[in-house]
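The values are calculated or read from the model by the stated rules, or taken from the named source; none is laboratory data. Being a predicted model, the structure only gives us computed values, none of them experimental. For neighbour counting, all protein chains shown are included, and Cβ atoms are generated from backbone atoms with ideal geometry for every residue, glycine included.
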Amino acid sequence: MSNEINYQEVINDIYRDVSDKENIGQAASYIPELAKIDPEKFGVCLKTVENQEFGVGDWQTKFSIQSIAKVLSLSLTYKILGDSIWDRVGVEPSGNPFNSLIQLETDHGIPRNPLINGGAMVICDLLISHTENACAEFLQFIRKICSNSDINYSTAIAESEKSVGYRNIALCNFIKSFDNIKNPPNEVLDFYFHMCSIEMTCQELARTFMFLVDDNFKTRENEPVLNISQAKRINAIMQTCGFYDESGEFSFKVGLPGKSGVGGGIIAVHPGKYSIAVWSPKLNNKGNSYRGMNFLESFTTKTKLSIF
């Protein structure tokens, strides 16, 4: 990254501009625990491949990363099983909401990609089948790549999601009916709800995703997370599928691989340069952070640092 840009100044200016505008949208109040979060929270953290960090606002406040965790479970499964995972889940954009049942019927229980809810459940099922304790090993994986042993699940959020998760329960059972879920649906759903309940700060999230930025990334144990080809493919899936039926819009306006979560978080990466995490709980009508999308569009426009 060019040293000519003052990144702290840039993110401060954009943060101020976005904060001054009306915060349109609604928090994900259909999950009772998420409805308790202050909807005006707003934080940003940028981490560069040169190991610089820049933060503004609520960048060190923990929040529920929700579907952003799907990229991490996918990465761990890919690391363990390699390309065999693509027999069970596709790599195409869905063009539909993240919890749609329609395409599963058409595609005979093979989810269109691993970042929609059904696809993430198949990935959870694979992890359960190929680990001793999926919940424990997934958490250990995240702690390792973030170099932070404090990262944890939120039992309250997991239970809250489970209490209203009727559509997800339907999705999991529907995929099971096509024999693309091998373990008991209750077990898969329990892991899925816990996975989505992971809490991180923007700073922790930006650090965690550096393994998709830096080809030389290694954990403290001196282990690579994925090989270069695998990292490229994860980034490609984020580019085309990371924002559900707003993925094309995000590519068009922001120009980075990324992933959103209904907790209001967004992670975006520029391979070889930086990762950037934004959190603001109010969501637009596609289920993505309203301020987060606006911030990232302004950031790549002003810095001219997108992949296109």
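Points worth noting:
- Residue within the range 125-135 that is within 26 Å of Val278 (Cβ to Cβ) and touching a helix residue (DSSP H, G or I) at 6+ places or on another chain (Cβ under 8 Å) present: no
- Considering residues of the range 222-232 that are without any contact (Cβ under 8 Å) to a residue 40 or more places away in the chain and part of a helix (DSSP H, G or I) only, the residue surrounded by the fewest Cβ atoms within 10 Å (Cβ to Cβ): Ser229
- Scanning the range 30-49 for residues that are over 17 Å from the mean Cα position of the chain (by Cα) and within 18 Å of Thr208 (Cβ to Cβ) turns up Thr48, Val49.
- The test for being touching a Pro at 6+ places or on another chain (Cβ under 8 Å), of a type in the set (A, V, I, L, M) and either under 24 Å from Glu204 (Cβ atoms) or not assigned by TED's automatic domain parsing to the domain that holds Gly43 (or both) does not hold for Ala277.
- Residue in the range 258-265 that is within 18 Å of Val56 (Cα to Cα) and buried (at least 24 other Cβ atoms within 10 Å of the Cβ) present: yes
- For Asp245, the stated conditions hold: it is modelled with pLDDT under 95 and either within 27 Å of Asn133 (Cβ to Cβ) or in the same structural domain as Lys286 (by TED's automatic domain parsing) (or both).
- Criterion (assigned by TED's automatic domain parsing to the domain that holds Asp179, more than 27 Å from Tyr166 (Cα to Cα) and not hydroxyl-bearing (Ser, Thr, Tyr)) met by exactly one of Lys21, Lys47, Lys79: Lys79
- Exactly one residue out of Asp190, Asp179 is among the acidic types (Asp, Glu), surrounded by 14 or more Cβ atoms within 10 Å (Cβ to Cβ), over 24 Å from Thr61 (Cα atoms) and modelled with pLDDT of 95 or more, and it is Asp190.
- Scanning the range 272-308 for residues that are among the β-branched types (Val, Ile, Thr), touching a residue at least 40 places away in the same chain (Cβ under 8 Å) and not in a strand (DSSP E or B) yields Thr300, Thr303, Ile307.
- Any hit, the range 258-266, residues being more than 13 Å from the chain's Cα centre (by Cα) and either modelled with pLDDT of 95 or more or within 27 Å of Ile157 (Cβ to Cβ) (or both): no
- Scanning the range 171-190 for residues that are free of Cβ contacts under 8 Å to residues at least 24 places away in the same chain and not in a helix (DSSP H, G or I) gives a single hit, Pro184.
- Answer residue from the range 113-163, given it is under 18 Å from the mean Cα position of the chain (by Cα) and basic (Lys, Arg) and is surrounded by the fewest Cβ atoms within 10 Å (Cβ to Cβ) among those: Arg143
- If the condition is being surrounded by fewer than 24 Cβ atoms within 10 Å (Cβ to Cβ), in a loop (DSSP other than H, G, I, E, B) and within 21 Å of the chain's Cα centre (by Cα), then the range 50-73 contributes Asp58, Gln60, Thr61, Lys62.
- Search result, residues across the range 271-283 that are under 21 Å from Ile5 (Cβ atoms) and surrounded by fewer than 24 Cβ atoms within 10 Å (Cβ to Cβ): Pro271, Gly272, Lys273
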